[in-house]
Each structure stands twice: as C-alpha cells, then as structure tokens.
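Here's the structure we're looking at; comments come further down.
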C-alpha cells in the first residue's frame, strides 16, 4: 500500500518539495533514495511517517469498505503493512499475521542487498519475537514461496467468513 502511495501526485509533490530532484528517477519517486535519507535521520523519518501513515490508513479503510460492498463477499482482504505494530495500526484490522524467519536465514536472504541500509531499517522495527507476540497468527517462513503460500492459505481457511 505504501509503495502505491509513492505513485500518487500528492505524495510525489510532497516528497519533491521536501527533498527535491535527488529522490526522483524520471517522474517516479526513487524509494531507495528516500530510504537512504529517512533511515539516516530520525527527523526526516518522522516527517515521512507522519505524512504517509495517515494516507495509508485512509487507503486501508477505503479498501475495507470496498470489500463490504462486493457480491459475493470475499472471504478476506489482505493488506501488507511492514510497520503495522510500529505505527500502532493493528487495531484497524480484524486479524494480523506476522511472518518471521530465523536470523540466519534472514541474513542469507538479505546478503545481496545493501547491508547498511538494512541495519538501519532493522533498528526501526520491532524484534520479530515482539511482532509475533502481538499478531493474531504467526507464520515461520523458513521454506519456499509455495510453502509460505500454503501456510497463509491454511490461515485463510480457518478464518470465519
């Protein structure tokens, strides 16, 4: 949902006014450039979160309302919120799922990415154990994408319609 917001004119305009052309590639917001700024400065991160989180909440509410008008009604609607608990937004949802993995596997999966940037992001996030304790369900993602899909489908099957 946050990624989609970066494509809106309101976000593009605000980001451009805040950080200028350096955070754009053509007409698109360069999220990696924004990440380098906000994970290097608590003030910049606070500004971005204060700007994006209310917009994300509005989008989530609109999505939920749209589900309630569909015929037939869907069994569930899924919204991915990376900082759900950090943003104190879990109460907006009927069910939450924390997807966690061991530190060693996470390190392997992230080995090809910018380690300094990832370390900064990790410092901002709650520990996985805390997310798992707050979530309605926890899925340990130690296998393949297909296996993760099966685990998530099993949770969906257990939800009341």
- 47, 19 arranged by Cβ crowding within 10 Å, fewest neighbours leading: 47, 19
- Residues 16, 3 in order from fewest to most other beta-carbon atoms within 10 Å are 3, 16
- Task: Divide by every residue of the chain the summed helix terms, -39500 (n - 2.57) for each DSSP H run of at least 4, and state the resulting mean residue ellipticity at 222 nm, rounded to the nearest 500 deg cm²/dmol.
- Result: -17000 deg cm²/dmol
- Note on the structure: Taking r as the C-beta separation of residue 32 and residue 71 and R0 as 35 Å, the FRET efficiency to the nearest 0.05 is 0.30
- Note on the structure: Quick calc, residue 124 & residue 147: beta-carbon distance into FRET formula, R0 30 Å, rounding 0.05, result 0.60
- Task: Between 45, 109, 18, find the one with the highest GNM mean-square fluctuation for the chain; connect C-alpha pairs within less than 10 Å.
- Result: 109
- Give the angle, between 0 and 90 degrees and rounded to the nearest 10, that separates the Cα long axis of helix 115-124 from the longest principal axis of the Cα atoms of the chain. 70 degrees
- Message: Nearest 10 degrees is fine. How inclined is helix 42-68 to the longest principal axis of the chain, computing both from alpha carbons?
- Response: 40 degrees
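Read-outs throughout are calculated quantities, based only on the coordinates presented, and are distinct from any laboratory measurement. Note that the coordinates shown come from a computational prediction; the quantities given were computed from them, not determined experimentally. As a convention, Cβ positions derive from the backbone with ideal geometry for all residues, glycine included, and neighbour counts pool all protein chains shown.
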